[in-house]
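Each remark here refers to the structure printed beneath this line.
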Amino acid sequence: MKQPDVLFINGPNLNLLGKREPQIYGSGSYKDLCAFIDGFCGGAPHRIFQSNSEGDIIDEIQAAPGRADGIVINPAAYTHTSIAIADALRAVGIPYVEVHLTDPFSREPYRRISYVSDRALAVVTGLGFEGYRKAYGILTDSLAKGAARPADTAESSEPEDRND
C-alpha cells in the first residue's frame, strides 16, 4: 500500500521557535521541529512549509491537490483570524489535522477561536513537538481508512467568465 504524502504547513512566527517565549513554546528551534518531523516520517513522503505570510500559506494549500494526500497544519496566529486560510482548506478538500504546540483554548480569550478546526479531522493541542507526531498518526490512519473530503467542498472547475 502506498504511503500517503503529507504536507506540513506552519504559520507565522514558528520560524522563531526557541527564541520566542520559550517558557510558552519550548526551547526547541524550528530546525529542531523540522528534524523531529523528518524523523518520525522516516522514508514516508512529506514536505514541510513555513511562512509568515497568509497569502503564501493559501498558495501552498491551493497547490496541494495532486501533490499531497493530507495536511497537518499549524496556522499559528492565523488560526484566530484567517477566514481565507479556512476557505482555502475547504476549497481543496484535502483531509487535514490542525495542530498547536500549546493549548490555545486554555490561553487568552482571543486565542480560543479557531476558524480552521470545524472541518479538521482532529485538533491536537498542548503536546509541543509531539503533537505533530500525533497529528500525523491521526491523519495517516484516517487516510488508510479512506478519509473522505469534507462533504461540501467545491468541485474543481473554472470560474465562469461573467460580465455583470
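The values are calculated or read from the model by the stated rules, or taken from the named source; none is laboratory data. Fair warning: this is a prediction, and the values are worked out from it, not measured in the lab. Cβ coordinates were reconstructed from backbone atoms using ideal geometry, including for glycine residues, and neighbour counts include every protein chain displayed.
With respect to (1) under 21 Å from residue 51 (Cα atoms); (2) assigned to a helix (DSSP H, G or I), the lone exception for residue 114 is condition (2).
Of all residues in the range 122-146, exactly one satisfies the criterion of being closer than 16 Å to residue 33 by Cα, in a helix (DSSP H, G or I) and aliphatic (A, V, I, L, M), namely 135.
Of the residues 55, 93, the single one that is among the small types (Gly, Ala, Ser) and on the phi > 0 side of the Ramachandran plot is 93. For the range 1-41, residues that are in a helix (DSSP H, G or I) and basic (Lys, Arg) total 1.
Each row is one residue, and each column tells you yes or no for (1) touching an Asp or Glu at 6+ places or on another chain (Cβ under 7 Å); (2) over 21 Å from residue 44 (Cβ atoms); (3) aliphatic (A, V, I, L, M); (4) at pLDDT 95 or above.
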| residue | (1), (2), (3), (4) |
| --- | --- |
| 96 | no, no, no, yes |
| 107 | no, yes, no, no |
| 127 | no, no, yes, yes |
| 151 | no, yes, yes, no |
| 155 | no, yes, no, no |
| 163 | no, yes, no, no |
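For the range 65-79, the set of residues classified as outside any strand (DSSP E or B), small (Gly, Ala, Ser) and under 19 Å from residue 132 (Cα atoms) consists of 68, 76, 77, listed by residue number.
Condition first: buried (at least 17 other Cβ atoms within 10 Å of the Cβ) and either closer than 18 Å to residue 102 by Cα or aliphatic (A, V, I, L, M) (or both). Now tell me which residues in the range 35-53 satisfy that. Answer for the range 35-53, where residues must be buried (at least 17 other Cβ atoms within 10 Å of the Cβ) and either closer than 18 Å to residue 102 by Cα or aliphatic (A, V, I, L, M) (or both): 37, 48, 50.
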